[in-house]
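All remarks here apply to the structure that follows.
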2 protein chains.
Amino acid sequence: MPLTDSPAKPHDHSLCIEDALGQARLICEQRNVRLTAIREQVLGLIWQSHKPIGAYDLLEQLAKTHHAAKPPTIYRALEFLQDNGLIHKIESQNAFLGCAHVGGHHHGQFLICTICGTAQEIDEKIVSSALENASQAHGFRIQSFVIEIKGLCATCQDL
Amino acid sequence: MPLTDSPAKPHDHSLCIEDALGQARLICEQRNVRLTAIREQVLGLIWQSHKPIGAYDLLEQLAKTHHAAKPPTIYRALEFLQDNGLIHKIESQNAFLGCAHVGGHHHGQFLICTICGTAQEIDEKIVSSALENASQAHGFRIQSFVIEIKGLCATCQDL
DNA sequence: GGCGGCAATGATATGATATAACAATATCAA
DNA sequence: TTGATATTGTTATATCATATCATTGCCGCC
Ligand SMILES: [Zn+2]
Ligand SMILES: [Zn+2]
Ligand SMILES: [Zn+2]
Ligand SMILES: [Zn+2]
């Protein structure tokens, strides 16, 4: 669960980062997979903000301290982090975001602000059950889904 | 409205194409925009099937009869068709699909079969109202959304 | 400790998707 | 006809992602 329920509001973001990295270490230990230095560094970079970040922006950051970093370096780390439920891809932006609900089985549901760029992950039963109902009505069996809602976050509405 | 309520089922698809092109001509006339030969041809190519098709696949098709076709040719046509509500982009596939509900104001909701590739556009109030409720609960005001549901269509479940 | 197998990373190249910028042409109303 | 605007042509480049093979690091086993 996220440390802040509304990432667009000011908050002590260093706690978000610490929490995310701590949880990631736990999860990886539980799953017996290796959260290597590169992978952890990339996860840390993704958690630098609550805005989805592109692979090449990550690469640029990573390359500052890791001279050998090339596109495959990043994409491999991203694949690992996705496979282990630590990040999500925002399909409509070709960008990546730290998962705010690590551990649970879920597909992403995102509220993405068109002004400040912040993406908030939510996990609303009403949404998933509506999808389930609508799909069933068409004889369709859900395996996964992409939900990306664009609009104005509470903070940016007040500007 | 679509001629078939379940595009994965066998049907006379030439009617889908005719209907889509006919509606497009009407809409463009109403809106006083020009459905040029290239644009109409691209729309026809998109409607060759109910599977989302990528820009470069379209380009390859178009180039058969239109030697001068280059990436901008396709992307301009795609932009026009999107702007006028005649096609949708499937974000998770970087591919394009004919709109099954031209005329009405709507964002897309898609059921995409992971076996046969068919994408069915739906427009379910229960989905949009669930999104609205969930967003409001987080103080978020919706402008648009991306809904792409992956799974098995009725036909492919029976295989 | 040394060996062998496998996971991870390095390195190079290329594929796939999308747009910028400017020139040439077509359309259409005045 | 002519000028304004939309469309298309053309070239180049930006952006996103993966294939392939070599090398290195990790770890259990002898
Ligand atoms: Zn934070
Ligand atoms: Zn905002
Ligand atoms: Zn059809
Ligand atoms: Zn199917």
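The values are calculated or read from the model by the stated rules, or taken from the named source; none is laboratory data. Bear in mind the structure is a predicted one, so any value in this text is a computation, not a measurement. Every residue, glycine as well, gets a Cβ built from its backbone with ideal geometry; the counts of neighbours run over all protein chains shown. Remember, those area values only see protein heavy atoms, side chains included, never the ligands or the DNA or RNA. Shrake-Rupley method; radii C 1.70, N 1.55, O 1.52, S 1.80 Å.
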Mean projection area, nm², convex hull over Cα of the protein assembly as shown:
19.2 nm²
Using only the alpha-carbon atoms, how far is helix B:71-83 inclined from the longest principal axis of chain B? Give it as 0 to 90 degrees, nearest 10.
50 degrees
Name the residue farthest towards the positive end of the dipole of chain A from the options A:Gly44, A:Gln120, A:Cys16, assuming +1 on Cβ of Lys and Arg, -1 on Cβ of Asp and Glu, about the Cα centre.
A:Gly44
Whose amide H sits under 5 Å from the amide H of B:Ala95, counting only residues 5 or more places off or on another chain, with H placed in the peptide plane?
B:Ile90
Highest GNM mean-square fluctuation, chain A, Cα pairs closer than 10 Å: which of A:Ala137, A:Ala77, A:Ala68?
A:Ala137
Enter the angle in degrees (range 0 to 90, nearest 10) between the Cα long axis of helix A:55-65 and the first principal axis of the Cα atoms of chain A, meaning the one along which they spread out most.
20 degrees
Within chain A, how many lysine pairs that are 8 or more places apart, or on different chains, have C-alpha atoms less than 20 Å apart?
7
Output field shielding_mean for B:150-156 (other chain Cβ, 10 Å radius) holds 5
Counting pairs of alpha carbon atoms under 8 Å apart in space and at least six apart in sequence, what relative contact order in percent does segment B:1-157 give?
23 percent
Using the crude model of +1 on Lys and Arg Cβ and -1 on Asp and Glu Cβ, and no other charge, please compute the dipole size for chain A relative to its Cα centre, in debye to 20.
440 debye
Between B:Leu159 and B:Gln23, what's the calculated FRET efficiency when r is the beta-carbon distance and R0 is 22 Å? Round to 0.05.
0.10
Taking amide H positions as placed in the peptide plane 1.01 Å from N, state which residues far from B:Gln109 in sequence (5 or more) or on other chains have amide H under 5 Å from it.
B:Ile122
222 nm mean residue ellipticity, helices alone, for the protein assembly as shown (DSSP H n ≥ 4; -39,500 (n - 2.57); rounded to 500):
-13500 deg cm²/dmol
Once you average over the residues of B:126-134, how many Cβ atoms of partner chains fall within 10 Å of each Cβ?
6
Between segment A:1-70 and segment A:114-159, what is the C-alpha centre distance in whole Å?
23 Å
Angle between chain B longest axis and helix B:125-137 axis [Cα atoms, degrees, rounded to 10]:
60 degrees
Work out, step by step, the length gained on full extension between A:Lys70 and A:Ser129: first 0.36 nm times the residue separation, then minus their alpha carbon distance; give nm to one decimal.
17.1 nm
Sorted by chain and number, the residues with a modelled amide H under 5 Å from that of A:Ala8, at a separation of 5 or more or across chains, are none
Taking θ = phi - 60°, what integer Hz values does the Karplus form 6.51 cos²θ - 1.76 cosθ + 1.60 yield along segment A:146-153, in sequence order, with x for Gly and Pro?
10, 10, 10, 9, 9, x, 10, 6
Give me the accessible area per residue for segment A:87-143, probe 1.4 Å, as a whole number in Å².
42 Å²
Which value in Å does the Kirkwood hydrodynamic radius of chain B take, with 1/r averaged over all unlike C-alpha pairs and then inverted?
16.7 Å
At the nearest 100 Å², what buried accessible area, both sides summed, do you get for B and A when the probe is 1.4 Å?
3000 Å²
With chain B treated as a Gaussian network of Cα nodes joined by springs under 10 Å, which of B:Gly22, B:Gly85, B:Gly98 yields the largest mean-square fluctuation?
B:Gly22
